[in-house]
Protein chains: 4
Amino acid sequence: MSNRGRKKGSIGEKSREQLLTIAAAQFATNGFYETKISTIVKDAGLTQPTFYLYFKSKEAIFKELTTIFKNSLLNLTEDSLLDSGLKEEMIKQEIQGKVGAIFRFFRENPHLTKIGFFLSEESEAIKKMLAHAISMNLAQEQRDGYFHQHLKMDVVAEIVVGIMERLTVSRLFTGLSDPEELAEEMVELLLFGMQVQH
Amino acid sequence: MSNRGRKKGSIGEKSREQLLTIAAAQFATNGFYETKISTIVKDAGLTQPTFYLYFKSKEAIFKELTTIFKNSLLNLTEDSLLDSGLKEEMIKQEIQGKVGAIFRFFRENPHLTKIGFFLSEESEAIKKMLAHAISMNLAQEQRDGYFHQHLKMDVVAEIVVGIMERLTVSRLFTGLSDPEELAEEMVELLLFGMQVQH
Amino acid sequence: MSNRGRKKGSIGEKSREQLLTIAAAQFATNGFYETKISTIVKDAGLTQPTFYLYFKSKEAIFKELTTIFKNSLLNLTEDSLLDSGLKEEMIKQEIQGKVGAIFRFFRENPHLTKIGFFLSEESEAIKKMLAHAISMNLAQEQRDGYFHQHLKMDVVAEIVVGIMERLTVSRLFTGLSDPEELAEEMVELLLFGMQVQH
Amino acid sequence: MSNRGRKKGSIGEKSREQLLTIAAAQFATNGFYETKISTIVKDAGLTQPTFYLYFKSKEAIFKELTTIFKNSLLNLTEDSLLDSGLKEEMIKQEIQGKVGAIFRFFRENPHLTKIGFFLSEESEAIKKMLAHAISMNLAQEQRDGYFHQHLKMDVVAEIVVGIMERLTVSRLFTGLSDPEELAEEMVELLLFGMQVQH
DNA sequence: TATGAATGAGCGTTCATTCAT
DNA sequence: CATGAATGAACGCTCATTCAT
C-alpha cells in the first residue's frame, strides 16, 4: 500500500512503521482533529517533511490505519461458518470461541480498534460488515433449527455488534473483564435469556 | 443555564434558541470540528459577534447541548423502578414500555442524541449513567427472583445500553424500525434467549 | 465582484482597494510566485487573515487584477471602428489617436498592464482579444480600399500587438518615449514603410 | 560551462544532457516555479541528489538554458551586416533571409526560445541585444540611403523584435505559419507599408 | 556515478474570538 | 440587540537541497 518499493527491514520502512504506530496511538487518544502531524513526527524523532515521504496526508495515514483494522477484522470473520450437525451443547462453545477471538483481537489492538470501530467515518460501514458476517452465521444456525424461527437475524446481528462495542469500551479496555469472561457472559445471555422460566 | 436574565419570548431568547437548534443540527451532521461558528450564524441570519452574546465559546454551546440531552435522559429514567410483586407475564410489558420510551425519545431528538450519546466527550459518562439506572432496576428484579441469580447485572446493563445505541443508529435513525418494534425484539431476546430449548 | 455588499467609502472597502493596489504593485514588480501574502498585508498595515476577508486566495486576487485590466482594455477598444469615407490624410490621424490612447492607458496603469499583458496565464488570450479588435478595424479599411489587398489582416493585427507590447516595455515604461511619439512612429512606419521608393 | 572535466559520451555527460533537455521542456511548458526538480529527475529516471551532481541549483540549470539560447542567437546575428552597394531589389531578399533564419531557429528550438525569450529574467536583456544588432544593420542601410532618414533606427529595431516575438508565439509555435511566410509578410510590411499610395 | 533518507525554511490558509461602534 | 472589521495562533503541506553511504 504505497510502499514505494521499500523493503522490509530497510530504515525507511522502519520510519514508516514507527509513524503508523505513533499515529495510531495519538489518533486513538486524542481523536483525528486534536492529533497534529507535528506531534507525531516529534514523537518519532523526525521532522514534518519526512512524514510526507511516507504518507500523502493526515487523512491518508488515518485511512490506512482504518484499512488495517478493517482487513484484520475481515480475516477474523472469514471462514467462520459453524458446521451443521453440531450437538446442541457445542453451539455455545463454538460461538463463544469466535466472540472471544474478536474480543482478544480488540484487546490486543486497542488503538486500531478505537480508530476503526469508533473514530473513522468508515466505522459504521465496518460494523455493518461485521454484522453481516454474523447475520450469515446465525441465519444458517436458525435454518438448522437451533434458534427460534421468529428471530430476525439481521436485527440480532446488530444487537450482537452493539453488545460487543459497548463491552469493549466499558469492560475490556478498562481491564474490568477479559475476553473470555465477556464472551461467556454475552453468549450465555443471548442464548438462554435472563428470565427464570417457571 | 447562562440565561442572563433574558425573558422567554424576548427577541434575544429567540436568537439563542435558534442558535441552539441550528448548532445541534450541524454538530450532529458534521461533528464538532467540521462545524464552524461562521456557518451556524449564517444559517441563523446573524453575525459572529452575536454568537458570543449568547454563548461563551464553541465548546460552551456544544456542552450545553450535551447537558440538555443528559437531563432529558435523566428525567426519562427517574422513578422507573418496577413495582415488586408483578406477575411474570407483566415484566416483559413493563420493561418493553420503558425501553420503548427511550427509543421514542431518541427518535424525536436525533440531533441531541447524536451529540450526547455519540459525539460528546461526556458520552461515555452518560452511557454509564444510563447503564447504572438500568442496573439498579435489573438488580431489584433479580432479587425479586425474576432473573437468574448468576447474571452480573452491571454487565447486563452495559449490554442493554450497547444494544440500544447500535439499534438506534442502524435501525431507528435509518427508519428501518420503529421504537416499539425495536423494544419488543430486544426485550424478547434478552428475556428468553435465542436458543430453542429441547 | 465578490463585494459582499460593502459600500463604497466604507472602511472595509478601503482596505480591499488598498490590498488590490499593493498587490498589483508587488505582482508587477516581483511576479506571482515571489509575491507573498505576508508582504502584501504588511504593506497594508493589516494581518494575514484580513486578506482572506476580501479575497478567496492569492490566485483570486491576481485573477481579479487581470480581469480589471482586461475589462479596461475592452472598453478602450469598443466602438472604435473607423468611419468609412475618411479622407486619406485622416486615416493616419485616426489610427494614431487610437494607438496613442492605448499607450496612454498602459503608461497610466503600468502595474495592471504588467499583470494582464505579461504575467497572467490569460495574457495570450487578452492579446488575442486585442488583436481581434484591431483585425476587424483593419479589414474594414482594407475593404474600403485604403490598404493593400494582399495583406492578411489577422497577421497584421498580431504584428501591431507585438509592436505595442515591445515598445511599451522598452520605451514607454522606461520613460524613453511618450505615448504620442510612439504612436506616431509606429503608425508612420506601418502605413508608409521604411524603404525609400525611387 | 561547468563541465567539470567530463568527456563527451561518458555516462555522466549523457545524464547531464538528458537533464538539460527534460528541464527545458518542463520549464517551457510549466514555467520556472511550476517546474519541480523532483519531476525533472523522475522523467530522467534519476534521483534528486544526482541532479545536484550536475547542476548547482534549480536557478543554475535554468540560467544555463538561458545562456545556451543567448549564445545561439548571438551566433545567428553575428557577421550579418549587409554589404553596401546592394541593388534595391536585393535588400528585401537579404533582410528576409536573415529574419527567416531567426524564425527557423525559434521553430527548431521552441523550448529554449520560450525560456530565453519569454521566461528568463534575462529575456529583456536578450531582446535588447537582438534589437541592438538589428539596429546596427538598419542604421548602416539608412546611411546607405535605402531607408528614410527620419526613422529612428533604435525604435525601429525594437519594433522588429516586437513583431518577431509576437509572431513566434501566435503563428510560428501554433503551426499557423512557417518561418519563410512570416519573414516575407513582416518584411514586406516594414519596407513598403500598408497604405495604398495614390 | 548514484541513491535512500531526511530536513530547513517557509507559505497559504483557517477559525474561534474580540474590539469598537 | 447587533455588526463591520480585524486578529492571534496555529496547522498542513511543499520543495529545494544535503548527508551518509
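The values are calculated or read from the model by the stated rules, or taken from the named source; none is laboratory data. Just so it is clear, the model here is predicted, and its values are computed rather than measured. Heads up, the Cβs are rebuilt from the backbone with ideal geometry, glycines too, and the neighbour counts pull from every protein chain shown.
List of remarks:
- Flag for C:L119 being within 19 Å of the chain's Cα centre (by Cα) and crowded, with 22+ Cβ neighbours inside 10 Å: no
- Residue satisfying condition, being among the aliphatic types (A, V, I, L, M) and more than 27 Å from A:L172 (Cα to Cα), within set B:L167, B:L176: B:L176
- Yes/no for B:N109 being more than 14 Å from chain A (Cβ to nearest Cβ) and exposed (fewer than 15 other Cβ atoms within 10 Å of the Cβ): no
- Residue count for the range D:17-69, restricted to those that are exposed (fewer than 15 other Cβ atoms within 10 Å of the Cβ), within 14 Å of chain C (Cβ to nearest Cβ) and within 11 Å of DNA strand F (Cβ to nearest atom): 5
- Subset of the range C:155-169 that is at the interface with another protein chain (Cβ under 7 Å from one of its Cβ atoms) and not β-branched (V, I, T) - its residue that is surrounded by the fewest Cβ atoms within 10 Å (Cβ to Cβ): C:E165
- Qualifying residue in the range D:168-180 (condition: of a type in the set (S, T, N, Q) and at pLDDT below 95): no
- For the range A:4-16, the condition holds for at least one residue, the condition being that it is more than 30 Å from A:E188 (Cβ to Cβ), at pLDDT 95 or above and not assigned by TED's automatic domain parsing to the domain that holds A:D178.
- Boolean, D:T35 is in a helix (DSSP H, G or I), modelled with pLDDT of 95 or more, more than 20 Å from the chain's Cα centre (by Cα) and within 24 Å of C:G31 (Cβ to Cβ): no
- Residues in the range A:141-153 that are crowded, with 16+ Cβ neighbours inside 10 Å and part of a helix (DSSP H, G or I): A:E141, A:Q142, A:M153.
- Only one entry of B:L82, B:L53, B:L112, B:L65 meets the criterion of being away from DNA strand E (no atom under 16 Å from the Cβ) and either assigned to a helix (DSSP H, G or I) or at pLDDT 95 or above (or both), and that entry is B:L112.
- Complete set of residues in the range D:49-71 that are in contact (Cβ under 8 Å) with a residue 60 or more places away in the chain and either touching a Pro at 6+ places or on another chain (Cβ under 8 Å) or farther than 13 Å from D:A23 by Cα (or both): D:T67
- Checking every residue in the range D:135-154 against the condition of being farther than 21 Å from C:L182 by Cβ, hydrophobic (A, V, I, L, M, F, W, C), more than 12 Å from the chain's Cα centre (by Cα) and more than 8 Å from chain C (Cβ to nearest Cβ) gives at least one match.
- The residues of the range B:140-158 that are farther than 18 Å from A:E188 by Cα and in contact with a helix residue (DSSP H, G or I) (Cβ under 8 Å, 6 or more places away or on another chain) amount to a single one, B:E141.
- Selection from the range A:115-134 of residues that are more than 8 Å from chain B (Cβ to nearest Cβ), in a helix (DSSP H, G or I) and over 17 Å from A:E94 (Cα atoms): A:I115, A:G116, A:F117, A:F118, A:L119, A:S123, A:A125, A:I126, A:M129, A:L130, A:H132
- Among the residues making up the range B:170-198, those that are assigned to a helix (DSSP H, G or I) and within 7 Å of chain A (Cβ to nearest Cβ) are B:S170, B:R171, B:E185, B:M186, B:L189, B:L190, B:L191, B:F192.
Conditions (1) surrounded by 21 or more Cβ atoms within 10 Å (Cβ to Cβ); (2) out of contact with any helix residue (DSSP H, G or I) (no Cβ under 7 Å at 6 or more places or on another chain); (3) basic (K, R); (4) over 30 Å from C:Q18 (Cβ atoms), marked per residue:
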residue	(1), (2), (3), (4)
C:L73	yes, no, no, no
C:K87	no, yes, yes, yes
C:F103	yes, no, no, no
C:K127	yes, no, yes, no
C:L130	yes, no, no, no
C:N137	no, yes, no, yes
C:E184	no, no, no, yes
